[in-house]
Amino acid sequence: MPAARADPIEVRELTMGYGDRLVQERISFGVARSEIFVIMGDSGCGKSTLMRHMVGLNRPLAGDVLYEGEGYWAAEDERREQIKRRFGVLYQYAALFSSMTLEENVSLPLGEAGLSAADARRVAATKLALVGLAGFEQHYPSEVSGGMKKRAGLARAMALDPDILYFDEPSAGLDPLSSRRLDDLILELRDSLGTTIVLVTHELPSIFELGDNAVFLDAERKTMTAHGKPRELKQSPDPKVRAFLERGRL
Amino acid sequence: MGELDDRVSLERPERAVLQVRITGAWALADGIPPAEPVVRELESSSGPERLRFDAGAVSAWDSSLVTYVHSLAAFAAARGVAVDTSALPQGARKLVELALAVKPRAVAESVEDDALTARVGRVALRAWTTLGDALSFVGELAMAMLALVRGKARFRRVDLLHAFETSGVAALGIVALINFLIGAVLAFVGAIQLQQFGAAVFVANLVAIGVARELGALMTGIVMAGRTGASFAAVLGTMRVGEEVDALETMGLRPVEFLVLPRVIATALMLPALVAYADLMGLLGGLFVGTTLLDVGTTEYVRQTQSALALRHVVIGLGKGAAFGVVVAATGCYYGSRCGRSAGAVGEATTKAVVMSIVLVVVVDALFTVLLHVVGL
């Protein structure tokens, strides 16, 4: 049995790449319970790739991702499926199933987890209300705006009360108000449910407002060059990290 | 008042207050208690003015509790009953408040008349609109052709070459296989009948005229509808979903000229070539059956074919091929360019394109037959 007090997530010596192309190497950090953890870096540095490795979509070249002390990639297939149930993912473009209504989108994982159709519908209605989409249950993704799709994607990601929520660029394509609302929602979820949250983003307001801890991935040096609280990283010895957090004003 | 579920019981501490006492451990896997008893109570004539949730004795909770409370609270709020959630666990209370914060948007339900006449009317109106739309597409295509003749059509030459490849060379294998088999089957079926009259050698006539005039073009048209028409619909549909077609329009390029025209030209030019190839394959299929199964000599079969195969039969087949090419490419492009905005819509557009292409190929073939009969060819 893994130790009860192990971090919910620990990335250990992770090296990632596609074929011969190295993306990032020797990434190591831990994410504490109920923490909002930010993965940041400039475009193309491999932020989303790192998230894909953490949620089990891509296999690392070396290293592992540990959930409560248990290696994800070292585990058997069946065990991996169980570990996957602990986290929900909100994709960059929400990845809603276009042939299903919002309610059906949210109900899908609930039904798969064994809830009756009626219960799944009730939970879906509450989850959609939580993200401010009460009344839109029977709409199709094509009938709602980009911000609403994101929120519906969030309702689906948190359908099963996951311990961990992953967000890939939550603010991408959203207006400042919608983006702010989503940030508030992320904080509410963490405070109410104690969810551990991993955020992939390069939006500075979100990084400072939400992030308890962060890592910075450097696209050129192909490894993480900073790890700590976002505000403290403004004084990082690495000029690139400082420039990133100050929007180039140095 | 009594117990509804082992985790929920209703009380009326005061006349105006309905209290829902919630206890125990709540988990999604255990299901959610039904809302009906509380709803009945709220709707009764002695309905309360206040709905209070008391969850002091809840040992564990998750979304099932939030869902239960939220569904009742939303119902109560909609009926003007005050809701008191102060005695819920703090996290659950915040979530319920958050869920209630945005008032459900009243969605106007579209009322569709379900009477038979109304449905027939809707289908007829839709068919009429589609017909008008299809005609305007044909008009746009004609204008694009005119622009091409004037040398003013704007599209990339490389797209045209690519279309030549996909609608021509790439189809050689499947066209060869299908037409060889059709020729062979035709020879076999014809031989069974003709042998009864000792006229087995006339199988060559049957195959030559049947394949060159009719089946070579028809089978190639149908194969191309499934292959090229479907691919055009899928490509254009995906481009529409990805707003690529919109990008062309805002650049001042006409999608019909830029995307549809090269595909129609390529298919209309390549299909006659494919039909000629198909004819050859069909004749070879007939020759194979004639010489191996029917004891007709190769020289005899070939001579018989030469005498039967008048040039007009071949030309008619090639002409049909060109017409089928225009029909298949235009239908595929039409459904692709009218595709909806979702991934599912691309599949739908492709299916419609294939079905309609095949129908139109057969209809055009029938028209050819009638017209050629009238002019005596």
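Derivation of every value follows stated rules applied to the coordinates shown; laboratory data play no part. All values reported here derive from a predicted model rather than from experimental measurement. Every residue, glycine as well, gets a Cβ built from its backbone with ideal geometry; the counts of neighbours run over all protein chains shown.
Overview of results
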quantity: C-alpha center-to-center spacing [the stretch B:75-146, the stretch A:172-222] in angstrom; calculated: 32
quantity: Among beta bridges that DSSP assigns inside the protein assembly as shown, antiparallel share in %, nearest 5; calculated: 45
quantity: Longest exposed-site-free window of chain B, the sites being GluC sites (Glu not before Pro) in a DSSP loop that have at most 15 other C-beta atoms within 10 Å; calculated: B:244-377
quantity: Farthest positive-ward along the protein assembly as shown dipole, Cα basis, beta-carbon charges - from B:Ala278, A:Met224, A:Leu50; calculated: B:Ala278
quantity: Ranking of B:Met356, A:Met224, B:Met145 by count of other Cβ atoms within 10 Å, fewest first; calculated: B:Met145, B:Met356, A:Met224
quantity: Helix-derived mean residue ellipticity, 222 nm - over chain B, DSSP H n ≥ 4, -39500 (n - 2.57), to 500; calculated: -21500 deg cm²/dmol
quantity: Candidates per GluC sites (Glu not before Pro) in the stretch A:63-115, loop by DSSP, up to 11 other Cβ within 10 Å; calculated: A:Glu76
quantity: Average other protein chain Cβ within 10 Å of Cβ, residues B:84-95; calculated: 2
quantity: Cα shape, the stretch A:99-161, gyration tensor, a/c 1.5 rule; calculated: prolate
quantity: Gain upon complete extension [B:Leu181, B:Val370; 0.36 nm per residue less C-alpha separation]; calculated: 65.3 nm
quantity: Amide H within-cut-off set for A:Ala226, under 5 Å, with H built and near neighbours excluded; calculated: A:Phe216
quantity: Cleavage-rule hits (chymotrypsin sites (Phe, Trp or Tyr not before Pro)) in the stretch B:266-301: DSSP loop, at most 16 neighbouring Cβ within 10 angstrom; calculated: none
quantity: Separation of alpha-carbon centers, the stretch B:322-355 and the stretch B:20-64, rounded to whole Å; calculated: 53
quantity: Likely footprinting exposure, A:Met148, B:Met143, B:Met281, fewest C-beta neighbours within 10 Å first; calculated: B:Met143, A:Met148, B:Met281
quantity: Relative contact order (%) - criterion: Cα under 8 Å, at least six apart; region: chain A; calculated: 25
quantity: Listed residues B:Gly285, B:Gly252, B:Gly183, most fluctuating in chain B (Gaussian network, C-alpha, under 10 Å); calculated: B:Gly252
quantity: Built amide H within the under 5 Å cut-off of B:Ala153, gap 5+; calculated: B:Leu148
quantity: Distance between modelled label sites at B:Leu125 and A:Arg247, nm, 7 Å Cα→Cβ extension; calculated: 5.1
quantity: Sites excluded, trypsin sites (Lys or Arg not before Pro) in DSSP loops with at most 16 other C-beta within 10 Å, longest stretch of chain B; calculated: B:157-340
quantity: Rounded if a/c under 1.5, otherwise prolate or oblate - the stretch A:134-209, Cα gyration tensor axes; calculated: oblate
quantity: Gyration tensor verdict on the protein assembly as shown (Cα atoms; rounded if a/c is under 1.5, prolate if a/b is larger than b/c, oblate otherwise); calculated: prolate
quantity: Placed amide H near A:Leu90: partners under 5 Å, 5+ positions off or other chain; calculated: A:Tyr166, A:Phe167, A:Asp168
quantity: Footprinting exposure proxy for B:Leu95, B:Leu287, B:Leu177 (fewest neighbouring C-beta atoms within 10 Å first); calculated: B:Leu177, B:Leu287, B:Leu95
quantity: The stretch B:3-101: antiparallel DSSP beta bridges as a percent of all, rounded to 5; calculated: 35
quantity: Whole-Hz couplings from phi, Karplus 6.51/-1.76/1.60, listed for the stretch B:257-273; x for Gly and Pro; calculated: 6, 6, 9, 7, 4, x, 5, 5, 4, 4, 5, 5, 7, 7, 5, x, 5
quantity: Karplus-derived HN-Hα couplings along the stretch A:205-215 (A = 6.51, B = -1.76, C = 1.60, θ = phi - 60°), whole Hz, x at Gly and Pro; calculated: x, 5, 4, 6, 6, 9, x, 7, 9, 8, 10
quantity: From phi via Karplus (6.51, -1.76, 1.60), per-residue ³J(HN,Hα) for the stretch A:229-242 in Hz, x at Gly/Pro; calculated: 6, x, 5, 6, 5, 4, 9, 4, x, 7, x, 5, 5, 4
quantity: Whole-Å semi-axes of the ellipsoid equivalent to chain B (Cα gyration tensor, √5λ, descending); calculated: 71, 27, 19
quantity: Cβ-based net charge around A:Gly46, under 11 Å, with every Lys or Arg adding one and every Asp or Glu removing one; calculated: +1
